[in-house]
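Here's the structure, in structure tokens; my notes come after.
What follows draws every value from the coordinates through simple rules; no lab data is involved. Computed from a predicted structure; not experimentally measured. We place every Cβ from the backbone using ideal geometry, glycine too, and count neighbours over all the protein chains shown.
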Amino acid sequence: DVKVTQSSRYLVKRTGEKVFLECVQDMDHENMFWYRQDPGLGLRLIYFSYDVKMKEKGDIPEGYSVSREKKERFSLILESASTNQTSMYLCASSFLDRDPYEQYFGPGTRLTVT
Amino acid sequence: QQQVKQSPQSLIVQKGGISIINCAYENTAFDYFPWYQQFPGKGPALLIAIRPDVSEKKEGRFTISFNKSAKQFSLHIMDSQPGDSATYFCAASKDSGSRLTFGEGTQLTVNP
């Protein structure tokens with residue numbers, strides 16, 4: 001079974017704090033993704049990576065950065081958390097060239113910024 | 001700007017009924033259309049997918065209908081069951097790539 005794990009299920013941070021969300025996959029997938037999920041807005045892509053040290057902006061990258069130093073690990077960084085970043089964050093992974101459209105998701109991290 | 005529009009936002013169906021969720025897109029470069037299912041507390045998981053060279057794909061009680069000229073596709077759940085209660089997302093990708101654009105989601109409730 002493919003497993004995508006996220007470091008925390010729930011996180012509460014204060015405005016201005018630096019926040020790290022970690023994601024690890026065990027399927028040797030080339031692609032990794034970070035989304036945020038908000039009611040009525042669906043899943044919106046923040047950043048994705050198709051290889052170690054490679055990254056591409058998604059639809060809503062402002063206020064976020066990412067790091068991929070190892071193939072299995074993809075980190076999302078909120079440099080200075082703001083209340084409008086309160087959301088559910090989902091990590092996903094997929095193969096680059098074998099069924100790349102089938103993304104495997106982690107359970108999500110619900111982040112609250114106060 | 002949402003490139004994939006999904007409706008309805010929520011849907012309540014009686015057990016045994018048919019659930020229908022609709023999606024529309026603008027970008028004709030989209031060439032793969034998956035549906036994802038998400039249960040509470042879980043991440044989404046791929047349910048069924050279709051390419052635009054076919055008009056329909058069926059897997060068990062789940063069917064995707066695709067209308068290329070209208071740029072619309074829909075998910076039909078036949079004989080809906082309470083266990084189908086979940087949030088459903090349509091999505092689209094282009095150029096056979098990995099990047100997906102998701103719809104807004106539909107929260108389906110199937111009453112016993």
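Structure values in brief
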| read-out | value |
| --- | --- |
| Reciprocal mean inverse distance between Cα atoms of the range A:4-113 - Kirkwood radius, Å | 13.8 Å |
| Residues of the range A:30-70 with amide N under 16 Å of the 7 Å Cα→Cβ point at residue A:20 | A:65-70 |
| Cα-centred dipole magnitude for chain B, charges only on beta-carbon of K, R (+1) and D, E (-1), debye, nearest 20 | 40 debye |
| Karplus (6.51, -1.76, 1.60) ³J(HN,Hα), θ = phi - 60°, over the range A:64-70, in Hz, Gly and Pro reported as x | 10, 9, 9, 9, 9, 8, 10 |
| For chain B, Kirkwood radius (reciprocal of mean inverse C-alpha pair distance, Å) | 14.0 Å |
| The range B:4-111: relative contact order in percent, alpha carbon pairs under 8 Å with at least 6 residues between | 38 percent |
| For the range B:47-57, 3J(HN,Hα) per residue [Karplus equation, 6.51 cos²θ - 1.76 cosθ + 1.60, θ = phi - 60°, Hz, x = Gly/Pro] | 9, 6, 8, 9, 9, x, 7, 10, 9, 7, 9 |
| Kirkwood-Stokes translational diffusion coefficient of the protein assembly as shown, alpha-carbon pairs, 20 °C, 1.002 mPa s, µm²/s | 119 µm²/s |
| DSSP bridge orientation in the range A:4-113 - percent antiparallel, rounded to nearest 5 | 90 percent |
| Relative contact order for chain A, counting Cα pairs under 8 Å that sit 6 or more residues apart, in percent | 36 percent |
